[in-house]
Amino acid sequence: MVKIAKIVKSNSHVDYIGRVIDRLDAGESPGPDDYGFAQFVSIPLDGELDVIGVVYNSLLANPEYGNYGPRLSPPSDLSILSPDYLNEQGLLIGILLLGWRDPLKQAFHHAVPRRVIPVNQEVYRLPDEDVQGFHKDAHERIQLHYYSQVVAHAGPFSVPLIEAIIEQLEPHAAPEERQRLCVLKQTLIWQRTVGQMRL
């Protein structure tokens, strides 16, 4: 799995902020597709379970913005002249927790995880096959039991997030499952259209 971030804070029990790792944190930093909108992630906890989440937001961190003081050295020379200088610019991603996987039983659950994610916990991109597995029940039917959780916590991103998740699931779905997803997508489009009319 590709390591993409480390947890730096939380907004609630299911809403976490991760700082995307860069070349200062690791030899090879993740690509933009690894932490994009609606990317599923895995947060392993002590080998007991893998918490599953999805990227629903991003923020740029730039403490130097508005700092118009004189620059004594160009950024390229800072690593040589001032090796203790920290580049505090970075990319933060919002991660909404959706469930977990029991590594022993290889069973996925759509529910609020009971465990609290500690600071500096590593976040990995969830492989595509596990994304599909996370959305299948014991009868291989697609499930989205976290739908209400996304609507409650993702705010204005909830509808685009569900639509992006459906687009990931559709190519691998059976024809009858694809029809169910299509109905859900049409409902979301209708809700978004009505919401815009109210504004």
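On the given criteria, is H153 surrounded by 17 or more Cβ atoms within 10 Å (Cβ to Cβ), out of contact with any Cys (no Cβ under 6 Å at 6 or more places or on another chain), closer than 16 Å to V14 by Cα and not aromatic (F, W, Y)?
Considered against the rule, which asks whether it is surrounded by 17 or more Cβ atoms within 10 Å (Cβ to Cβ), out of contact with any Cys (no Cβ under 6 Å at 6 or more places or on another chain), closer than 16 Å to V14 by Cα and not aromatic (F, W, Y), H153 comes out as yes.
Only one of (1) touching a Leu at 6+ places or on another chain (Cβ under 6 Å); (2) modelled with pLDDT under 90 fails for A107. Which number is that?
That leaves (1) as the condition not met.
Given the structure, is Q132 over 21 Å from I93 (Cα atoms), touching a helix residue (DSSP H, G or I) at 6+ places or on another chain (Cβ under 9 Å), polar (S, T, N, Q) and surrounded by 15 or more Cβ atoms within 10 Å (Cβ to Cβ)?
yes
With respect to E176, determine if the residue is out of contact with any Ser or Thr (no Cβ under 9 Å at 6 or more places or on another chain) and over 30 Å from L49 (Cα atoms).
Yes: the conditions hold for E176.
Which of the residues belonging to region 135-150 are at pLDDT 90 or above and either hydrophobic (A, V, I, L, M, F, W, C) or within 17 Å of P175 (Cα to Cα) (or both)?
H135, K136, I142, Q143, L144, V150
Residues of region 126-145 being within 14 Å of the chain's Cα centre (by Cα) and assigned to a loop (DSSP other than H, G, I, E, B), which ones?
L126, P127
For the list (1) free of Cβ contacts under 8 Å to residues at least 24 places away in the same chain; (2) basic (K, R); (3) in contact with a strand residue (DSSP E or B) (Cβ under 9 Å, 6 or more places away or on another chain), I need the number of the one condition that R180 fails.
(1)
Show the residue pairs that are 6+ apart or on different chains and have beta-carbon atoms under 8 Å apart, the first residue being within region 39-56 and touching a residue at least 12 places away in the same chain (Cβ under 8 Å) and over 19 Å from N120 (Cβ atoms), the second being of a type in the set (F, W, Y) and part of a loop (DSSP other than H, G, I, E, B).
Final answer for the pair search is Y56/F37.
Please go through region 88-113 and give me each residue that is closer than 19 Å to A38 by Cα and surrounded by fewer than 12 Cβ atoms within 10 Å (Cβ to Cβ), ordered by number.
none
Only residues that are among the aliphatic types (A, V, I, L, M), in contact (Cβ under 8 Å) with a residue 24 or more places away in the chain and not in a strand (DSSP E or B): list them for region 93-113, please.
Correct list: A111, V112.
Residues in region 169-179: is at least one closer than 30 Å to E28 by Cα, modelled with pLDDT of 90 or more and either loosely packed, with under 14 Cβ neighbours inside 10 Å or of a type outside the set (S, T, Y) (or both)?
There is at least one residue in region 169-179 that is closer than 30 Å to E28 by Cα, modelled with pLDDT of 90 or more and either loosely packed, with under 14 Cβ neighbours inside 10 Å or of a type outside the set (S, T, Y) (or both).
Going by the conditions given, is E140 loosely packed, with under 13 Cβ neighbours inside 10 Å and on the phi > 0 side of the Ramachandran plot?
Here the answer is yes, as E140 does meet what is asked.
If you check Y124 against the conditions, is it modelled with pLDDT of 95 or more, surrounded by 13 or more Cβ atoms within 10 Å (Cβ to Cβ) and more than 13 Å from A38 (Cβ to Cβ)?
It is true that Y124 is modelled with pLDDT of 95 or more, surrounded by 13 or more Cβ atoms within 10 Å (Cβ to Cβ) and more than 13 Å from A38 (Cβ to Cβ).
Does Y147 fit the bill of being touching a residue at least 12 places away in the same chain (Cβ under 8 Å), farther than 17 Å from V41 by Cβ and surrounded by 14 or more Cβ atoms within 10 Å (Cβ to Cβ)?
Against the criterion (touching a residue at least 12 places away in the same chain (Cβ under 8 Å), farther than 17 Å from V41 by Cβ and surrounded by 14 or more Cβ atoms within 10 Å (Cβ to Cβ)), Y147 qualifies.
The values are calculated or read from the model by the stated rules, or taken from the named source; none is laboratory data. All of these numbers come straight from a predicted model, not from anything done at the bench. Every residue, glycine as well, gets a Cβ built from its backbone with ideal geometry; the counts of neighbours run over all protein chains shown.
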